[in-house]
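Worksheet for the structure shown next.
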Amino acid sequence: MQITGIELRRIAMPLVAPFRTSFGTETTRDVLLVRVVTPDAEGWGECVAMSEPLYSSEYVDGAADVMRRFLIPALPRTADPQAVGPALAPIRGHRMAKAALEAAVLDASLRITGESFGHYLGATRDRVPCGVSVGITGSVAELLDTVAAYVEEGYVRVKLKIGPGWDVTPVRAVRERFGEDLLLQVDANAAYTLADARHLARLDAFDLLLIEQPLADDDLVQHARLARTLRTPICLDESIESAAHAAAAITLGACSVVNVKPGRVGGYLEARRIHDLCRAHGVAVWCGGMLETGIGRAANVALAALPGFTLPGDTSASRRYFGTDVTPPFELSGGHLDVPAGAGLGVEPIPDVLNEVTTATEWIPF
């Protein structure tokens with residue numbers, strides 16, 4: 001399968017509500033889509049980098065630049081998804097950009113063979129349980145109303161974003177309001193230090209599934225120390241950028257749960273390697289989200305159907321973030337999303353919607 005060209009497409013997706021975390025607030029998702037074209041099929045990938053380098057060092061303008069200048073020229077001319085990673089490996093970092101290219105090549109390849117993304121990755125389920133991520137709100141009362149609406153929709157797990165000054169009080173309020181049956185976890189996005197260990201230990205009282213990324217992303221040793229002082233399981237997110245990072249974290253005892261975000265780790269094939277590693281060591285994994293459109297969501301749902309994903313992920317329905325998605329919307333049914341069964345991603349952009357939200361396109365011939 002020969003690649004004939006690649007399109008980089010920027011789209012602007014307004015969020016249904018501002019999404020606030022410890023590192024910033026988003027109101028519109030600036031998304032870079034990748035379309036790989038061959039004579040027989042085309043494939044789509046979504047780069048999860050944000051507009052500014054706050055969650056990670058990557059950002060949308062940088063991802064587009066590294067693709068056009070370095071990554072796309074390094075791609076093999078035959079669109080073999082297994083060859084993408086090795087071909088791009090000499091270029092340091094830029095995992096989100098690499099992941100988008102690999103996903104687009106994989107989608108095109110699978111559309112030709114007629115195989116679904118889920119089947120290729122090793123999915124064992126045709127639907128996956130869904131959690132929802134709740135950003136920092138203006139008040140506890142607003143938070144309770146927001147959580148109540150998601151519980152009413154049927155989400156089987158709730159994740160609360162926390163940060164210094166917004167942690168114990170809101171978590172206590174949610175637990176008291178919704179009781180012990182609600183699966184509840186928190187995400188700090190690296191907002192604390194080891195000096196906060198005694199304060200974080202106060203969260204042990206609320207029977208949380210986990211506390212996600214409490215400390216700096218580059219410090220596995222201090223996470224291991226913190227893990228020995230908390231009853232609540234520690235989950236690593238930003239710290240895990242590859243299977244090698246996951247292996248180091250497991251060896252050190254820095255976590256007992258891993259949040260697998262394909263964009264953060266360089267692609268869905270590396271995400272599968274992390275899944276396999278964690279499963280072999282009895283470490284739970286779940287699929288995180290980066291406010292993806294239906295293109296990235298389709299791939300995430302397929303990944304979340306692998307057998308080691310034993311915890312509900314952030315694979316929310318489309319309307320959690322977008323009033324109108326660029327693909328047919330993913331809709332919650334009984335707290336679950338269906339895994340697309342069609343060839344490749346099993347979804348395609350709706351041309352009229354895609355054109356309406358497009359802000360720029362660039363065609364790069366091969």
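Which residue is nearest to LEU160 (Cα to Cα), if the candidates are limited to the stretch 226-284 and must be of a type in the set (Lys, Arg) and touching a helix residue (DSSP H, G or I) at 6+ places or on another chain (Cβ under 6 Å)? Walk me through it before giving the result.
Restricting attention to the stretch 226-284, the residues satisfying the condition of being of a type in the set (Lys, Arg) are 228, 231, 261, 264, 272-273, 279.
Next cut, touching a helix residue (DSSP H, G or I) at 6+ places or on another chain (Cβ under 6 Å) only: 231, 272-273.
On the way: ARG231: 18, ARG272: 26, ARG273: 28 Å.
This residue is ARG231.
Could you look through the stretch 335-359, keep only residues that are touching a helix residue (DSSP H, G or I) at 6+ places or on another chain (Cβ under 9 Å) and in a strand (DSSP E or B), and pick out the one that is farthest from PHE322 (Cα to Cα)?
For the stretch 335-359, the residue satisfying everything is GLY344.
Can you name the residue in the stretch 108-133 that is touching a Phe, Trp or Tyr at 6+ places or on another chain (Cβ under 7 Å) and farther than 12 Å from ALA302 by Cα and is also surrounded by the most Cβ atoms within 10 Å (Cβ to Cβ) among such residues?
Keep residues of the stretch 108-133 that are touching a Phe, Trp or Tyr at 6+ places or on another chain (Cβ under 7 Å), which gives 110, 121, 130-132.
If we keep only those that are farther than 12 Å from ALA302 by Cα as well, we get 110, 130-132.
Details: LEU110: 22, CYS130: 28, GLY131: 26, VAL132: 24.
In this case the residue turns out to be CYS130.
Has the stretch 255-277 got at least one residue that is of a type in the set (A, V, I, L, M), surrounded by fewer than 24 Cβ atoms within 10 Å (Cβ to Cβ), outside the structural domain of SER56 (by TED's automatic domain parsing) and in a loop (DSSP other than H, G, I, E, B)?
No, the stretch 255-277 contains no residue that is of a type in the set (A, V, I, L, M), surrounded by fewer than 24 Cβ atoms within 10 Å (Cβ to Cβ), outside the structural domain of SER56 (by TED's automatic domain parsing) and in a loop (DSSP other than H, G, I, E, B).
Among (1) buried (at least 24 other Cβ atoms within 10 Å of the Cβ); (2) assigned to a helix (DSSP H, G or I), where does GLU46 come up short?
Looking at each condition in turn, GLU46 falls short on (2).
Anything in the stretch 333-350 that is within 20 Å of ARG29 (Cβ to Cβ), in contact (Cβ under 8 Å) with a residue 60 or more places away in the chain and buried (at least 21 other Cβ atoms within 10 Å of the Cβ)? List them, or say none. Walk me through how you get there before you give the answer.
At the first step, the residues of the stretch 333-350 found to be within 20 Å of ARG29 (Cβ to Cβ) are 337, 345, 347-350.
Still in the running and in contact (Cβ under 8 Å) with a residue 60 or more places away in the chain: 337, 345, 348-349.
Within the stretch 333-350, LEU337, LEU345, PRO349 meet the criteria.
Identify, from the list GLU153, GLU176, GLU180, GLU142, the residue that is surrounded by fewer than 16 Cβ atoms within 10 Å (Cβ to Cβ) and touching a residue at least 40 places away in the same chain (Cβ under 8 Å). Steps first, please.
Values: GLU176 fails: touching a residue at least 40 places away in the same chain (Cβ under 8 Å); GLU180 fails: touching a residue at least 40 places away in the same chain (Cβ under 8 Å); GLU142 fails: touching a residue at least 40 places away in the same chain (Cβ under 8 Å).
One residue alone meets the criteria, GLU153.
For (1) in the same structural domain as GLU292 (by TED's automatic domain parsing); (2) over 16 Å from the mean Cα position of the chain (by Cα), each residue gets a yes or a no:
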{"site": "MET50", "(1), (2)": "no, no"}
{"site": "ALA63", "(1), (2)": "no, yes"}
{"site": "MET96", "(1), (2)": "no, no"}
{"site": "LEU106", "(1), (2)": "no, yes"}
{"site": "ILE136", "(1), (2)": "yes, yes"}
{"site": "VAL156", "(1), (2)": "yes, yes"}
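The values are calculated or read from the model by the stated rules, or taken from the named source; none is laboratory data. This one's a predicted model, so the numbers in the text were calculated from it and none came from an experiment. With ideal geometry, Cβ positions are generated from the backbone for all residues, glycine too; neighbour counts draw on all protein chains shown.
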